[in-house]
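All of the numbers you see were taken from the coordinates with simple rules; none came from a lab. Just so you know, these numbers come straight off a predicted model, no measurement behind them. Note: ideal-geometry Cβ built from the backbone for every residue, glycine included; neighbour counts use all protein chains shown.
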Amino acid sequence: MTALFEVDHLMKSFGGLDVTRDVSLSLQKGDRVALIGPNGAGKTTFVNLVTGHLRPNSGKVRMGGEDISTFNAMKRVQAGLVRSFQVTRLFAEMTPEEHVALAILQREGKSGRVAGSFQAMPEVMLETYAILETLNLVALARMQVSEIAYGQQRLLEIALAMALRPKVLLLDEPAAGVPHSDTFLIENALAQLPDDLAVLMIEHDMDLVFRFAKRVIVLAAGEIIFDGSPREVTEDALVREAYLGSYAHASSAA
Amino acid sequence: MSASNTSATMARALPAQSRSWLRDLAGIAVILVSAIVGYFLFPNNLAQLTRIIAIMQFFLSLDLVTGYCGVATLGHAALFGAGAYAAGIAAAHFGVTEPLTMIAIGAAGGALAGLVSGVVILRGHGLAQLVLSIAVIHLSHEAANKASAYTGGSDGLSGIAPDPILGLFAFDLWGRTAYVLGIILLIIVFVLLRILVRSPFGMLCRGIRQDPIRISAMGASVKATLIKMYVISGAVAGIGGAFNAVSTQVVGLDSLSFTNSAEALVMLVLGGAGTLYGAFIGTIVFIGVEDFVSAANPFHWLTIVGALLIAVVLFAPKGLYGTAAALVERYRKGSK
């Protein structure tokens, strides 16, 4: 069976620095995978490469068997590969309602319409408010994004991803910048994602990783050093070394 | 997410929508009232008022690409001039003297110029974009200068004699017909543009101004959207240019000048970009300063323009309209 999403021997170097070294992985429908690794491991670079924001030196990206390596960022989204951003990228002067509606209109190919308003399109409004409701954002629907709290902006990032109805979703640290006490909001939001969607999440919050992921991939210095279950990852010697350096042995001895 | 809950939130959604329509109606009313007041206040100066109308359309067109899409350009007069020359050449050389047809030809000419300059200018970003836009205006100025067989070169294109509008309303010596035509055109353009900026496409453009990377991460093409807006903007500038050709019956090389382009950008910033209303205010301030201040102090009036600009940029960075609107909004929130 061909994988829903497949990365094949991806390589990228900046000058003499190899930031992505021969990375291969695949996702199936409904997968919940966490991509973890120490700072500078190349996680965000990996997302940028896969989504077409950076060009790899070599390697292929496939969606449902189709090679999308030559597609630009826009076409990859249209093929069903959607990402969120580590640092929120939203339109400061627009409202959450407009954000979600714009994503829906774009998905439906209606964003080029030069007349009419999304507020007069009942199906768009219904879906917009359904998504905002799922993420508890209805009360803020008409506020400018610059006026709402960062944690809620993070939720809106997820709302945008949901509105695009992707097949594969790459979440780049969805809980970054959210106070620990509010992480549950992000977690609840992630729990609302459709079951058949394949999700690859980059995250540093290990509690969140272990509750969310069925599979964990560890990236260190641009290389995959572990791909397996969350239970095994804590015991893996290579992973411990990558995170803790030589202290890994000291702590296991103690 | 129960259905009743959703419909309740949607019901709440409606008032804000009607309020923005009210603001547009107020905008149209203000245009009409100012037009009538202007007509009776300056009966001997209708030509100047008519010129203001043409410039307003030019500023509105610049606001579409600069205010809504965030493209800084110093070459926008190329679109206005293209409309003016298209209409003028059609009338002077090809005998198309029906004024509404001339304006339609101007719109088409402006749209074509918008397409070409959009494709060129959007190749760059930031400073490179600005430099490309300057190249566009200088090249088109020089092209019009060289093609003197058609454009009249530096002598200007004369011999434009428009027929009566619809065969009924002849252009009179006092410029009344031109004035009324201008007001009607301006209101039509304004209404169409308000619809445009409110549409999904308008929302997409505002998104591009605020974060183009997010727009491409949504699967939309930034470039195609901007070029489309450039074409629309060109059509609007072309209507303004063609109207200017129809009302003054002459097209000069200065309609393609860098100075015009730069002044337009400055005045748009002064009035408040990205609102359409700011374009009106910018025009009025522009003409007001040019006319009255230069009459009062012919030697230092540019200094006064400079001081005004510095004051606005420092104390009202959203422009005169944007700052006023923000104050009203704050007052409204405070009174609740």
For each of B:R332, B:R206, count neighbouring Cβ atoms within 10 Å of the residue's Cβ, then give the residues from fewest to most.
B:R332, B:R206
Taking the alpha-carbon set of region A:136-202, what are its Rg and Dmax in Å?
12.0, 34
If you place +1 on the Cβ of every Lys and Arg, -1 on the Cβ of every Asp and Glu, and leave all else neutral, what size is the dipole of region B:119-207 about its Cα centre, to the nearest 20 Debye?
500 debye
Counting partner chain Cβ atoms within 10 Å of every residue's Cβ in A:96-104, what's the average?
3
Taking the dipole about the Cα centre of chain B, with the C-beta of Lys and Arg at +1 and of Asp and Glu at -1, give me whichever of B:N244, B:G274, B:A108 is farthest to the positive side.
B:G274
Compare the Cα positions of A:V100, A:A115, A:M143 along the charge dipole of chain A (+1 at Cβ of Lys, Arg; -1 at Cβ of Asp, Glu; about the Cα centre) and return the one farthest towards the positive end.
A:A115
Where the eigenvalues come from the Cα gyration tensor of region A:172-221, what are the semi-axes √(5λ) of the equivalent ellipsoid, largest first, in whole Å?
17, 16, 9
What does the charge dipole of the protein assembly as shown about its Cα centre add up to, to the nearest 20 debye, if the Cβ of each Lys and Arg holds +1 and the Cβ of each Asp and Glu holds -1?
600 debye
Under a point-charge model restricted to the Cβ atoms of Lys and Arg (+1) and Asp and Glu (-1), what is the dipole moment magnitude of region A:14-69 relative to its Cα centre, in debye to the nearest 20?
100 debye
Taking springs between alpha-carbon atoms closer than 10 angstrom, which of B:A324, B:A245, B:A217 fluctuates most in the Gaussian network model of chain B?
B:A217
Per residue of A:71-78, what is the mean number of Cβ atoms on other protein chains within 10 angstrom of that residue's Cβ?
4
Using +1 at the Cβ of each Lys and Arg and -1 at the Cβ of each Asp and Glu in chain A, identify which of A:G16, A:L238, A:N57 lies farthest towards the dipole's positive end.
A:N57
May I ask you to sort A:S181, B:S247, B:S294 by Cβ crowding, counting other Cβ atoms within 10 Å and putting the fewest first?
A:S181, B:S294, B:S247
By counting other Cβ atoms within 10 Å of each Cβ, how are A:R211, A:R107 ranked from fewest to most?
A:R211, A:R107
Over chain A, with a Gaussian network built from C-alpha contacts below 10 Å, which listed residue (A:Q106, A:Q86, A:Q153) shows the highest mean-square fluctuation?
A:Q106
Over chain A, relative contact order from alpha-carbon pairs under 8 Å, at least 6 apart, %
27 percent
Counting each DSSP H run of 4 or more residues in the protein assembly as shown as -39500 (n - 2.57), what helix-only mean residue ellipticity at 222 nm follows after dividing by all residues, to the nearest 500 deg cm²/dmol?
-18000 deg cm²/dmol
For B:I165, what charge total do you get from the other residues with a beta carbon under 13 Å from its beta carbon, if Lys and Arg give +1 and Asp and Glu give -1?
-2
